[in-house]
Amino acid sequence: MLRSNTCGELRLTDASKTVTLAGWVQTVRDKGGVLWIDLRDRYGITQLILEEGVSSADLFSTARSLGREFVLQVTGEVVERNSKNPNIPTGEIEIRPTTLTVLNSAKVPPFKIDDETDGGDDLRMKYRYLDLRRNPVRRNLELRHRVAQATRRYMDEQAFIEVETPVLIKSTPEGARDFVVPSRMNPGEFYALPQSPQTFKQLLMVSGFDRYFQIVKCFRDEDLRADRQPEFTQIDCEMSFVEQEDILQMFEGLVRHLFKAVKGLDLAEVPRMTYADAMKLYGSDKPDIRFGMQFVELTDLAKGKGFPVFDSAELVVGINVPGAAEYTRKQLDELTEWLKRPQIGAKGLIYARVNADGSVKSSVDKFYSPDDLAAWASAMDSKPGDLILVLSGEADKARKQLNELRLEMGTRLGLRNPDDYKVLWVLDFPLLEYGEEEARWFAMHHPFTSPKPEDIALLDTNPGAVRANAYDMVINGTEVGGGSIRIFNRELQARMFSLLGFSDEEAKAQFGFLMDAFEYGAPPHGGIAFGFDRLCSLFGGADSIRDFIAFPKNNSGRDVMIDSPSVIANKQLDELKIRTMV
Ligand code: ASP
């Protein structure tokens, strides 16, 4: 090896040893008679020192030829430093080189390879290999590695088998848009990249594998947001002979194990909430339960008092913001404007301040008596000094808007600390949701999800009311995982496809293989998949998953480093018979 030690390793106890290090030049500080070099590798930084009268002129001249990010090998003696640096683990020692070998020179990097860099996003992505030299970025990938290893350890201990499923599969109309790959050997035909290994993991259950998992790339051709990537990674899992409760226990166990292994935290009991309650109390199927401010419905109290906005509303619903009564008129106007932006689309905001003496002063005093308002405050369990914020309108919309407002107020009051982790199961999702535009039902999770047995009778009469054996895991308001108990019976699966608007032929063409398999002894089964990148970003306390992916794509789905996607040569197009098709 070109080194005996790493740049993060040597301590005072190593003094007087002769060592060889290799790494990148972080800085050279030349004070004439004495010259320091900071040498960096993945493990840390070690200082080298050259001194006139001690170090040779040759060494000085090599050192003076060095630039930032040159690759350097140094052999020398470990000595105690005169002025120690308590901020780094190697800060008590330095190396007195006897040889310095430049292993490679480097162009001046386009941005500083420092914790705080001067490089903008685009530049950092174009030179991602340099960006990855920076500590914060490298640490994120180290964390990702630890999450993956801890996952494998737990799953292995629980007798799960990691099985690889194919990446070239078949396009299906349900779910997100597929990425497709033309087949040269089958002109005019295309593979699709998997949106998830869903059908394969179910087939593995039919095969008797019993407990499967895979840390696996998935591909979805969707419009991108900060927390989305066209290719992303799941911890994908499936189990046989289980009910929902077994899955919840097993994977609560996984998350508990990960919190311990990665963060050193003991996770409290994970509470459970039905989808219906989540929507009613938080206006969201992924509530952030780090703070309260649950919704309180004021419809009955607020209607019939002559205020036209509330009188015509399907729902009047509010939150009590503790200690925010001192919000000024100006701040409340700003908040109202914020709510009226098209992204949220509220028509207005009604507020009421609870004064120190318990009296309530509202923006609609004209319509409501002090007693009316006192009844609001009591319904909301408001205390003196609290602020009541109320929205109204169509129920679904008002809840969605109030969800945004609640999160915003939580942020403003500093109640959403990324180091405070609150995990939640959301259960009993509806099986179906209606697509107004397409005028048909869609599977809320996916078409393989089993309805709750007690709701099956509703499939014919009131499909929208059928609940699924489906569950999501939510951490701090972010959905990190979701899954379901599956259908394992051909007839029920066929019925599901027909509800979703598939003809028998279409269902057979798309998913015949799965329905056939169900006729050869399919065990009851269910599973879950976790968004691995998202889990990592949560553990890392960051919003964007991009920082936890070595080579991510930008908002337009481009890799600006390798410049992809790109056009391909005519010869390739010809081979693929793509041009002949158009
Ligand atoms: N395949 C599902 C998904 O990607 C997860 C599951 O149901 O296990 O969301």
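The values are calculated or read from the model by the stated rules, or taken from the named source; none is laboratory data. All of these numbers come straight from a predicted model, not from anything done at the bench. Glycine also receives a Cβ, built like all others from the backbone with ideal geometry; neighbour counts cover every protein chain displayed.
Check segment 331-345 and report whether any residue there is among the β-branched types (Val, Ile, Thr), under 23 Å from LEU281 (Cβ atoms) and surrounded by 15 or more Cβ atoms within 10 Å (Cβ to Cβ).
Residues of segment 331-345 that are among the β-branched types (Val, Ile, Thr), as a first pass: 336, 344.
Next, only the ones that are under 23 Å from LEU281 (Cβ atoms) stay: 344.
With surrounded by 15 or more Cβ atoms within 10 Å (Cβ to Cβ) added as a condition, the list becomes 344.
Yes, segment 331-345 has at least one match.
Please pick out the residue among ASP428, ASP381, ASP420 that is more than 18 Å from THR299 (Cβ to Cβ), loosely packed, with under 13 Cβ neighbours inside 10 Å, of a type outside the set (Lys, Arg) and within 36 Å of the chain's Cα centre (by Cα).
ASP420
If we only count strands (runs of 3 or more DSSP E) wholly inside segment 152-241, which ones have 1 or more residues that are within 21 Å of the chain's Cα centre (by Cα) and either of a type outside the set (A, V, I, L, M) or crowded, with 19+ Cβ neighbours inside 10 Å (or both)? Write out each step before concluding.
Working: elements: 180-182, 190-192, 211-219, 231-240.
Because the criterion is at least 1 residues that are within 21 Å of the chain's Cα centre (by Cα) and either of a type outside the set (A, V, I, L, M) or crowded, with 19+ Cβ neighbours inside 10 Å (or both), the strands (runs of 3 or more DSSP E) in segment 152-241 that meet it are 211-219, 231-240.
Take the conditions more than 16 Å from the ligand (Cβ to nearest atom), touching a helix residue (DSSP H, G or I) at 6+ places or on another chain (Cβ under 6 Å) and closer than 22 Å to SER544 by Cβ and apply them to LEU224. Does it pass?
The answer is no for LEU224.
Could you list all residues from segment 531-582 that are among the basic types (Lys, Arg), surrounded by 12 or more Cβ atoms within 10 Å (Cβ to Cβ) and either modelled with pLDDT of 90 or more or closer than 30 Å to ASP419 by Cα (or both)?
Correct list: ARG534, ARG546, LYS553, ARG558.
Consider segment 118-142. How many of its residues are over 20 Å from TYR43 (Cβ atoms) and either within 22 Å of the chain's Cα centre (by Cα) or not hydrophobic (A, V, I, L, M, F, W, C) (or both)?
Residues that pass the stated criteria total 10.
In segment 247-258, which residues are surrounded by fewer than 18 Cβ atoms within 10 Å (Cβ to Cβ) and either more than 19 Å from TYR212 (Cα to Cα) or touching a residue at least 24 places away in the same chain (Cβ under 8 Å) (or both)?
GLU252, GLY253, listed by residue number.
Restricting to segment 426-482, name every residue that is of a type in the set (A, V, I, L, M), part of a loop (DSSP other than H, G, I, E, B) and within 14 Å of the ligand (Cβ to nearest atom).
The answer is LEU431, MET444.
Report, by residue number, each residue of segment 297-333 that is in a helix (DSSP H, G or I) and of a type in the set (A, V, I, L, M, F, W, C).
LEU301, ALA302, VAL309, PHE310, LEU332
For the list (1) surrounded by fewer than 18 Cβ atoms within 10 Å (Cβ to Cβ); (2) not in a strand (DSSP E or B), I need the number of the one condition that ARG399 fails.
Condition (1) is where ARG399 drops out.
Quick one: would you say TYR129 is loosely packed, with under 13 Cβ neighbours inside 10 Å, touching a residue at least 12 places away in the same chain (Cβ under 8 Å), part of a helix (DSSP H, G or I) and hydroxyl-bearing (Ser, Thr, Tyr)?
Considered against the rule, which asks whether it is loosely packed, with under 13 Cβ neighbours inside 10 Å, touching a residue at least 12 places away in the same chain (Cβ under 8 Å), part of a helix (DSSP H, G or I) and hydroxyl-bearing (Ser, Thr, Tyr), TYR129 comes out as yes.
I'd like to know if segment 35-54 contains one or more residues that are in contact with a Leu (Cβ under 6 Å, 6 or more places away or on another chain), touching a residue at least 60 places away in the same chain (Cβ under 8 Å) and within 22 Å of ARG134 (Cβ to Cβ).
no
Do you know which of the residues in segment 3-18 that are more than 17 Å from PRO86 (Cα to Cα) and free of Cβ contacts under 8 Å to residues at least 40 places away in the same chain is farthest from the chain's Cα centre (by Cα)?
SER4
What about GLY435, is it surrounded by fewer than 19 Cβ atoms within 10 Å (Cβ to Cβ), free of Cβ contacts under 8 Å to residues at least 40 places away in the same chain and under 30 Å from ARG406 (Cα atoms)?
Yes.
Take the residues in segment 529-551 that are of a type in the set (A, V, I, L, M) and in contact with a Leu (Cβ under 9 Å, 6 or more places away or on another chain); name whichever of them is farthest from the ligand (Cβ to nearest atom).
My answer is ALA550.
Going through segment 173-214 one residue at a time, which ones are over 21 Å from GLN158 (Cα atoms), of a type in the set (D, E, K, R), more than 14 Å from the ligand (Cβ to nearest atom) and touching a Ser or Thr at 6+ places or on another chain (Cβ under 9 Å)?
GLU189
Please state which of the following conditions LEU415 fails to meet, knowing it meets all the rest: (1) in a strand (DSSP E or B); (2) among the hydrophobic types (A, V, I, L, M, F, W, C); (3) more than 16 Å from the ligand (Cβ to nearest atom).
(1)
Of everything in segment 5-32, what is closer than 25 Å to ARG64 by Cβ, among the small types (Gly, Ala, Ser) and surrounded by fewer than 17 Cβ atoms within 10 Å (Cβ to Cβ)? Give them in sequence order.
If the condition is that a residue be closer than 25 Å to ARG64 by Cβ, among the small types (Gly, Ala, Ser) and surrounded by fewer than 17 Cβ atoms within 10 Å (Cβ to Cβ), then GLY32 is the only one that fits.
Restricted to segment 346-378, and to residues that are touching a Lys or Arg at 6+ places or on another chain (Cβ under 6 Å) and more than 18 Å from PRO308 (Cβ to Cβ), which residue is surrounded by the fewest Cβ atoms within 10 Å (Cβ to Cβ)?
The qualifying residue surrounded by the fewest Cβ atoms within 10 Å (Cβ to Cβ) is LYS361.
Any residue at all in segment 290-311 that is more than 30 Å from ASP371 (Cα to Cα), within 16 Å of the ligand (Cβ to nearest atom) and within 21 Å of the chain's Cα centre (by Cα)?
If we filter segment 290-311 for residues that are more than 30 Å from ASP371 (Cα to Cα), which is where we start, we get 290.
If we keep only those that are within 16 Å of the ligand (Cβ to nearest atom) as well, we get none.
No, every residue in segment 290-311 fails to be more than 30 Å from ASP371 (Cα to Cα), within 16 Å of the ligand (Cβ to nearest atom) and within 21 Å of the chain's Cα centre (by Cα).
Identify, by number, the condition in (1) part of a loop (DSSP other than H, G, I, E, B); (2) among the acidic types (Asp, Glu); (3) away from the ligand (no atom under 14 Å from the Cβ) that ASP277 doesn't meet.
With (1) part of a loop (DSSP other than H, G, I, E, B); (2) among the acidic types (Asp, Glu); (3) away from the ligand (no atom under 14 Å from the Cβ) applied to ASP277, the lone miss is (1).
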